[in-house]
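Read the structure below first, then the notes.
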């Protein structure tokens, strides 16, 4: 009995510290995913999401450290952590009422360990129970020994670390949102050679930039046969699509609202994006296929050469520097990969994510071919 009373409090403290530290790591990598979740839930907008996300992660990091020390442990740290978990539980209850107890990912451990709202609620209740036990069975420093400076240092250091590790650009005015093409450099790697096209992956290590272009000016577009040659008619009336402002891909001018186009929204390190790209590369070789273009999110740009090597796709690309803008193009609550079939700016078919509306290569091919019967 004495052994339990001696070791159980420290077991709980280490376990709670580990849980919060795991939550920090899961939310921070990738941090844009946590930011998007906050926006999708309506908690903040994209301008405030970078600040809010880092402050929340910093708070969890501070808890993981503070629970292992004795300054204000019973008067502030444990009660404050219980209050934090109660707020999370209220949020989870609202989620369960609105969307169902077993639907979706609560985001407690980011994308690392998906948890339903009910699973997260149970986890939080168990953690609160451990904290209540600790409140009754641990000691803090005697009166006069507690130092607020230690508590302030723990949180301020945690916040500083989050903003240093994950820098971001503040929101810009809409007039300044136009993106510039990535500059080319002299570091070049050839990828995907066929009879008509050779792709050059060009990387600027000083700026962490990567670009792709065609080695020679071929009459065939990189994405396959010219769509103007396969159109039996002019298609629907031309309209201005949400992709119209992106006019430079791999150093060449493009009008995405003219004729048939495939526009993909990918993240270079996203496995599901690579799976979709592989299927599209395979279909592009099968026969009639519109020109394709990729809009990459500004995340892990150094993986772009690997993306092209692994997938075999030969679409030119453009990098969207502003992550909120990238997700606005995907749509509300949408996730990568995104695949869109456009004809004269009209979106004929759109896919996103890995759920009910995930990319279906067979269906996509049938839809494209059906436009020319």
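The values are calculated or read from the model by the stated rules, or taken from the named source; none is laboratory data. Quick caveat, the model's predicted, so the values are computed rather than measured. Reconstructed Cβ throughout: ideal geometry from the backbone, glycine too, with neighbour counts over all protein chains shown.
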Residue tally, condition in contact with a helix residue (DSSP H, G or I) (Cβ under 8 Å, 6 or more places away or on another chain) and farther than 14 Å from residue 77 by Cβ, over segment 129-156: 2
Filter segment 362-373 down to the residues that are closer than 19 Å to residue 294 by Cβ and at pLDDT below 90, then identify the one that is farthest from the chain's Cα centre (by Cα). 368
Flag for residue 280 being touching a helix residue (DSSP H, G or I) at 6+ places or on another chain (Cβ under 8 Å), in the same structural domain as residue 355 (by TED's automatic domain parsing), buried (at least 18 other Cβ atoms within 10 Å of the Cβ) and closer than 21 Å to residue 343 by Cβ: yes
Residue within segment 135-154 that is at pLDDT 95 or above and buried (at least 17 other Cβ atoms within 10 Å of the Cβ) present: yes
Just to be sure, is residue 124 under 27 Å from the mean Cα position of the chain (by Cα) and either surrounded by 17 or more Cβ atoms within 10 Å (Cβ to Cβ) or at pLDDT below 75 (or both)? yes
Which one of the conditions (1) assigned to a helix (DSSP H, G or I); (2) in contact with a helix residue (DSSP H, G or I) (Cβ under 8 Å, 6 or more places away or on another chain); (3) within 30 Å of residue 270 (Cα to Cα) does residue 119 fail to meet, given that it meets all the rest? (2)
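Scan the helices (runs of 4 or more DSSP H) fully inside segment 250-350 and keep the ones with 3 or more residues being modelled with pLDDT under 90. Explain how you work it out, then say what you get.
Values: elements: 271-284, 304-311, 323-330.
Once the helices (runs of 4 or more DSSP H) in segment 250-350 are filtered for at least 3 residues that are modelled with pLDDT under 90, what remains is 271-284, 323-330.
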Out of everything in segment 70-103 that is surrounded by fewer than 17 Cβ atoms within 10 Å (Cβ to Cβ) and part of a loop (DSSP other than H, G, I, E, B), what residue ends up being nearest to the chain's Cα centre (by Cα)? 103
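Could you check segment 334-347 and list, in sequence order, the residues that are within 18 Å of residue 315 (Cβ to Cβ) and crowded, with 16+ Cβ neighbours inside 10 Å? Walk me through how you get there before you give the answer.
So in segment 334-347, the residues within 18 Å of residue 315 (Cβ to Cβ) come out as 336-343, 347.
Passing the criteria: 336, 337, 338, 339, 340, 341, 342, 343.
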State yes or no: is residue 331 touching a strand residue (DSSP E or B) at 6+ places or on another chain (Cβ under 7 Å) and surrounded by fewer than 20 Cβ atoms within 10 Å (Cβ to Cβ)? yes
